[in-house]
Amino acid sequence: MAESEDKQRWWRTLWSWIWPIAIGWVVALGIMHWVISFAIVPTSSMYPTIPNPCYILVDHVATETQAPYRGEVVLFPFPDDPSQIYVKRIIGMPGETVTIHGGHVYINHHELSEPYLHGVLTPGTWGPYHVPAGHYFMLGDNRAVSDDSRYWIHKYVARNTIIGRADFVVWPVSKWTPIH
């Protein structure tokens, strides 16, 4: 009888450890999937806004509760290969026409102010791109090396595929900064 009681006590003790850990694990996974997470940026396509390589904090709630806006830096599955996650800046909004020439980006024939480029010009002549409803035209900040909407087969990112907003560079600590 004592052996049976010892076994029950052992199982109760084990269970008292397992269930809080399991619940914590499920809650943490939920938070990382639907609230905030971290992502690595391995390329320099968003330099100088996002240095590389680095880790960024991704806010999933921001893009679910607010409409994406021009200039917002977001993460999304690459339209030509959804197994890859890209981080780029929203440039063209639904219904707009984007053209690039003379080093500048134009939205519906009006030059776009891009202070985050720090005076660097956008090379080449591109467009016009007519952004369909519910989609966005994306560019990296480091336009000379960025693999962005200009080069993709599927030029636009659907609203419902945006994963979240890039909020902070968090690692390495020496490069910690908000992403605007």
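The values are calculated or read from the model by the stated rules, or taken from the named source; none is laboratory data. For clarity, every value in this text was computed on a predicted model and none was experimentally measured. Here the Cβ is made from the backbone with ideal geometry for all residues, glycine too, and neighbour counts use every protein chain on show.
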Residue that is of a type in the set (Gly, Ala, Ser) and under 23 Å from PRO48 (Cα atoms), where the choices are GLY95, GLY134, GLY103: GLY103
Restricting to segment 75-102, name every residue that is closer than 16 Å to TYR156 by Cα, within 22 Å of the chain's Cα centre (by Cα) and polar (S, T, N, Q). GLN84
Touching a Pro at 6+ places or on another chain (Cβ under 8 Å) and either charged (D, E, K, R) or without any contact (Cβ under 8 Å) to a residue 24 or more places away in the chain (or both): does that describe LYS155? yes
I need the strands (runs of 3 or more DSSP E) fully contained in segment 103-180, keeping only those with at least 1 residues that are surrounded by fewer than 18 Cβ atoms within 10 Å (Cβ to Cβ) and more than 18 Å from the chain's Cα centre (by Cα). 104-107, 126-130
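Condition check ((1) closer than 16 Å to LYS88 by Cβ; (2) modelled with pLDDT of 95 or more; (3) outside the structural domain of ILE90 (by TED's automatic domain parsing); (4) touching a strand residue (DSSP E or B) at 6+ places or on another chain (Cβ under 8 Å)) across all residues:
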position: GLY103; (1), (2), (3), (4): no, no, no, no
position: GLU114; (1), (2), (3), (4): yes, no, no, yes
position: PRO123; (1), (2), (3), (4): no, no, no, no
position: HIS130; (1), (2), (3), (4): no, yes, no, yes
position: VAL145; (1), (2), (3), (4): yes, no, no, no
position: ARG150; (1), (2), (3), (4): yes, yes, no, yes
position: VAL157; (1), (2), (3), (4): yes, yes, no, yes
